[in-house]
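Worksheet: one structure, shown below.
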Amino acid sequence: MDQKLRVAVVGAGIYGIHHVDVYNQNPAVELVAVCDFSEEIRAKVEALYKVKTYASVEEMLSNEKLDAVSIATPDHLHLEPALACINKGLDILVEKPLATTVPDCEAILEAAEKNKVRVAVDFHKRWDPAAIYTYNQLNEGEHYPIRGYMNMDDTIDVPTKWFKWGNSSDPISFLGIHCADLMRWYMGCEATEVRAVGSKKLLPSMGVDTYDSVQSMITFENGCTWLLENSWVLPSGFAKANDSRTTILTSEKYIRINNQNRGVEMVDSDKTHTPNVFFFNDFNGKVVGFGAEPINDFVDSLLKGSDFLATGYDGLQAAKITAAIHQSLEEGKTVAI
């Protein structure tokens, strides 16, 4: 493709604005338009990026000639804009999760196959240098995994202050989906069964009707069993907006990852901060880090015609795991996948 890739972003909120930033700085991309329901967000985007904005996905798709679109709306609002873009013949990058239910994921993939377009999912944790190192270690030699542990927790500010849609999500849909994808990627096979328990007390008392914390036992086809812990009720005073750790025991290796403290501490008058300096950083007029890399790799894959590193199929398989966790919570028993 000789000309620049003509791209739009649907949803320019807390995370979607990163897509806007990265596309705006990519020399192979022309950021054509941004769509968001919020008039305030549209005004900010127009002022900062000098790009046309829309309140309606349909209006944007009718008026603009596009090659691809990023979908970064709230988790439970991915289906409609994804289908609208796919039915216009556009390749899409969907911010994780692909969708919050398995039927919605399947609908997106069926539409993509029918319209002969491709779907990528922004499972950006795969691009974390610690995850890449771990993946390479697990795929080196003849050893095999025996057990795994992973936690990913957010502070209580996330469901109560950051988002207005906490009632429409939970720590499994919002955080566990990342973990499900990483586990599949590390294991190189699919999950077979899940058993989950959860707590639903603190957030409902604050008017947010969702789980505080969920613990899940997940077994994979290779026999490895993982313990997964997800919550979003850490105290607001925690040093970072989230906490995450992973340990993996294999027949020959023991791997431990501390994603909470990435080697930098900053103390101010409020508290000690441990920023994730590998995620997003501004340097030399560009956004760099593993948060930006999957967006740029989406562009590269489209220009080169190469495979996506995290596909719609990956999004569907991760959703099957989180759906089984939800079913286990509701039924109080082990659920086969």
Shape category assigned to the range 265-337 from the gyration tensor of Cα positions, a/c cut at 1.5:
oblate
Accessible-area composition of the chain, carbon plus sulfur, in percent [1.4 Å probe]:
50
What does the net charge come to around Ser306 if you take all other residues with beta carbon closer than 12 Å to its beta carbon, with K and R at +1 and D and E at -1?
-1
Just check the range 5-117 against the gyration tensor rule for me: Cα atoms, a ≥ b ≥ c as the square roots of the eigenvalues, rounded for a/c under 1.5, and otherwise prolate or oblate depending on whether a/b exceeds b/c.
prolate
Taking the 0 to 90 degree range and rounding to the nearest ten, how far is the long axis of helix 129-138 tilted relative to the main principal axis of the chain, both from C-alpha atoms?
50
To test your reading of the geometry: what angle, between 0 and 90 degrees and rounded to tens, separates the Cα axis of helix 39-49 from the longest principal axis of the chain?
70
Taking every other residue with Cβ under 15 Å from the Cβ of Gln260 and scoring Lys and Arg +1, Asp and Glu -1, one gets 0
Do any trypsin sites (Lys or Arg not before Pro) in the range 81-138 lie in a loop, going by DSSP, with at most 12 other beta-carbon atoms within 10 Å of their beta carbon, and if so which?
Lys116
Integer Hz, Karplus 6.51/-1.76/1.60 couplings in order for the range 226-238, x for Gly and Pro:
10, 9, 10, 10, 9, 8, 9, 9, 4, x, 4, x, 4
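Rounded, prolate or oblate: pick one for the range 100-223, where a ≥ b ≥ c are the square roots of the eigenvalues of its C-alpha gyration tensor, a/c under 1.5 means rounded, and failing that, prolate if a/b is larger than b/c, else oblate.
Working: a/c = 1.88, a/b = 1.28, b/c = 1.47.
Oblate, since a/c reaches 1.5 and b/c is not below a/b.
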In whole angstrom, note down how far apart the Cα centers of the range 244-294 and the range 130-149 are.
19
Kirkwood Rh over alpha-carbon pairs of the chain plugged into Stokes-Einstein at 4 °C, 1.567 mPa s gives a D in µm²/s of 62
Cβ-derived FRET efficiency at R0 51 Å, Lys286 paired with Tyr149, nearest 0.05:
0.90
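The values are calculated or read from the model by the stated rules, or taken from the named source; none is laboratory data. As the structure is a computational prediction, the values presented were derived from the model and not from experiment. Here Cβ is always computed from backbone atoms with ideal geometry, including for glycine, and neighbour counts include all displayed protein chains. For accessibility, only protein heavy atoms count, side chains too; no ligands or nucleic acids. Shrake-Rupley method; radii C 1.70, N 1.55, O 1.52, S 1.80 Å.
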